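Below is one structure. I have some questions about it.
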Amino acid sequence: MNLTLPNTNRANILVVDDTPQNLRLLTGILSEKGYQVRPVPNGKLALSAAQKMPPDLVLLDIMMPEMDGYEVCQRLKDSELTKDIPVIFISAINDVMDKVKAFGVGGVDFITKPFQVEEVLARIETHLKICLLQQSLQEKNQDLATAIYQLQATQEHLIQSEKMAALGQLIAGIAHEINTPLGIIGSSIDNISNFWDENLAKMPQFFQQLTEESQAGFLALLHRSTNQETLFTSREKRKIKQQLSNELMAGGIENAEEIADSLVDMEIYDNIEELLPFLKLPDWEVVFNTAYQFASFKKSISLIQRATAKSGKVVFALKSYAHFDSKQEKVQANLHDGIETVLTLYQNQLKHGIEVVKNYGDLPKIMCYPDDLNQVWTNLIHNALQAMDYKGILMIETQQQEANIVIKFTDDGKGIPPQVLPKIFQPFFTTKSAGEGSGLGLDIVRKIVDKHEGTIAVDSVPGQTSFTVSLPIY
Ligand SMILES: Nc1ncnc2c1ncn2[C@@H]1O[C@H](COP(=O)(O)OP(=O)(O)O)[C@@H](O)[C@H]1O
Ligand SMILES: [Mg+2]
């Protein structure tokens, strides 16, 4: 730090002494040295003079009638306006206990009468300098505190802008994630409206003509046509279709192939022999076709339900992620919710080659900054995906260990070489090319973990890299 020595020359000094001779003497010496001197003959006047215009230093006699020097000093120290003014006692008393008392009430020095002029001047000069240095230090401290405060604000800003940058990178994938369900909803609604147009008029007659047996077949078909999301790939479906077709043929059914096709669409795969009697009834065809249409109607509805839920989930994740907690207060939160939010946003980047293996323990809610923690999960997951080149297994394990919650992310990517490991938490350290990484991710992660008084550890060999975050439960 660079402190210029303050100039003490025009300092304002209040001299308090009840002996006129002493007062004149001191005033003379000090004025000659260039100080501005205000002489006063008693404590009361000294206090009001100090209040009116606080001096830079007080030279104070002890033995005075009415109010002695100790009390004057005490009162100066009691007032906010004058408490920092250095007080030098000047007295004929030469008892140790009195000197101790002088320091006890806040004096900074003690000069014994009779005094040497040089000594008085030297001491006054020294205390004036100390005092000015102190003021200057206080100002510097204030500047430093301001700088630290600004730095913290910048850091918050940095964290926020990194978060938005991450979101920006994800947006294309997220748009897709919302568009797909929207497409599904659109086409399902088309299906429903077609069904309506085609079937409404025929319905009353259809139901009137149903025999008891056909009705049973109709309901059985509808009942068995599940609403489950298809579990089979199209190749598996072709195989199942072939098998069904064979079974139907063996049961003596004509049009076996066509029927097998429709059954697979309705996701009816087994116990085909139950359907054989029904498929031999005279009116089976119209009943079967109507059941088929009802089934696809039902399927459209459940597709819409699932698509709505899915896009709702993405929007919710987006909203919770982009949320900015300006109050910065800790709240109770479940860490799994945050991890799930991040996984939802990364869905599009995960689904083409990443298997996420979750091993979640029972976690209590903890007091934390959930928005910030979301960023921790984001950065760790993003790094893992990059290290695996978006192909591999990402394991997420959580558990409570005594008074801590431990969250561990493990990827089977290329790992971190030992010579790189000590640097990864440094700001701006990156092994990635410009568009890929800024090198701020882990720096931010550590800052946020620190803010939660937690720890983060890393463990890496090629094919297995783990980042373990441990957060205290309060
Ligand atoms: N899971 C991981 N596997 C391999 N290397 C990693 C992993 N996580 C982080 N790293 C290394 O640490 C560096 C710093 O990470 P980070 O601070 O997130 O910055 P960035 O991802 O922008 O490079 C990365 O460049 C990478 O070399
Ligand atoms: Mg990163």
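Nothing in this text is a laboratory measurement; each read-out follows from the coordinates by a stated rule. What you see is a predicted model, and the numbers here were worked out from it, not measured in a lab. Glycine also receives a Cβ, built like all others from the backbone with ideal geometry; neighbour counts cover every protein chain displayed.
For the range 53-139, state which GluC sites (Glu not before Pro) are in a DSSP loop and have at most 14 other beta carbons lying within 10 Å of their beta carbon.
Glu66, Glu80
Could I ask something else about it? Using alpha carbons only, how many degrees (0 to 90, rounded to 10) separate the axis of helix 335-345 from the longest principal axis of the chain?
60
Enumerate the amide H contacts of Glu267 below 5 Å, restricted to partners 5 or more residues apart or on another chain; note that Pro and chain-start residues carry no placed amide H.
none
So, one more: Quickly rank 49-61, 193-205 as a protection proxy: mean count of other C-beta atoms within 10 Å, highest first.
Top of the packing list down: 49-61, 193-205.
Calculate the length of the line joining the C-alpha centroid of the range 90-168 to that of the range 438-466, in whole Å.
First find each Cα centre; the distance between them is then 40 Å.
Based only on other Cβ atoms within 10 Å, what is the fewest-to-most ordering of Asp459, Asp362?
By the 10 Å Cβ count, ascending, the order reads Asp362, Asp459.
How many lysine pairs are close in the range 61-137, with Cα atoms under 20 Å apart and the two 8 or more places apart or on different chains?
Details: Lys77/Lys99; Lys77/Lys101; Lys77/Lys129; Lys83/Lys99; Lys83/Lys101; Lys83/Lys129; Lys99/Lys113; Lys101/Lys113.
Pairs that pass both the separation and distance tests number 8.
What do you get for the angle between helix 43-52 and the principal long axis of the chain? Use alpha-carbon atoms, 0 to 90 degrees, nearest ten.
50
Output the antiparallel fraction of DSSP beta bridges having both residues in the range 325-472, as a percent to the nearest 5.
80
I want to verify the translational diffusion coefficient of the range 316-444 in µm²/s; compute it with Stokes-Einstein, Rh as the Kirkwood radius over Cα pairs, at 20 °C and 1.002 mPa s. All intermediate terms of the calculation are to be shown ahead of the outcome.
Details: Rh = 15.8 Å.
Rounded, D is 135 µm²/s.
Quick one: compute the contact order of the range 325-472, relative version, from alpha carbon pairs under 8 angstrom and 6+ residues apart, as a percent. Before the final figure, lay out the partial values.
Values: 256 pairs, mean separation 33.2, N = 148.
Relative contact order of the range 325-472: 22 percent.
Among DSSP bridges having both ends in the chain, what percentage is antiparallel? Round to the nearest 5.
Antiparallel bridges make up about 55 percent of those DSSP assigns within the chain.
Have a look at the range 153-297 and give its Rg and Dmax from the Cα atoms, expressed in angstrom.
Computed over the Cα atoms of the range 153-297, radius of gyration and Dmax are 23.1, 80 Å.
With the contact rule set at Cα under 8 Å and sequence spacing of 6 or more, what percent relative contact order holds for the chain? Present the calculation step by step, with values, prior to reporting the outcome.
Numbers: 614 pairs, mean separation 44.0, N = 474.
Reported as a whole number, the value is 9 percent.
A further question follows. When we measure straight from the Cα of Lys237, which aspartates and glutamates land under 20 angstrom away, once same-chain ones fewer than 8 places off are left out?
Cross-link targets: Glu229, Glu247, Glu257, Glu258, Asp261, Asp265, Glu267, Asp270, Glu273.
Against the longest alpha carbon principal axis of the chain, how many degrees, from 0 to 90 and to the nearest 10, is the axis of helix 117-199 turned?
Helix 117-199 and the main axis of the chain meet at about 10 degrees.
Taking H as built 1.01 Å from N, whose amide H comes closer than 5 Å to the amide H of Ile354, not counting residues under 5 places away?
Result for Ile354 returns Gly392.
Normalise the Debye intensity by I(0) for the chain, one equal point scatterer per Cα, no solvent, then take log10 at q = 0.05, 0.06, 0.09, 0.10 Å⁻¹ and round to two decimals.
Rounded to two decimals, the profile gives -0.48, -0.58, -0.84, -0.90.
Just subtract the alpha-carbon distance of Val331 and Gln208 from 0.36 nm times their residue separation and send over the number in nm, one decimal.
38.1 nm
Here's a follow-up. Could you work out the per residue convex hull volume over the alpha carbons of the range 227-290, in cubic angstrom?
83
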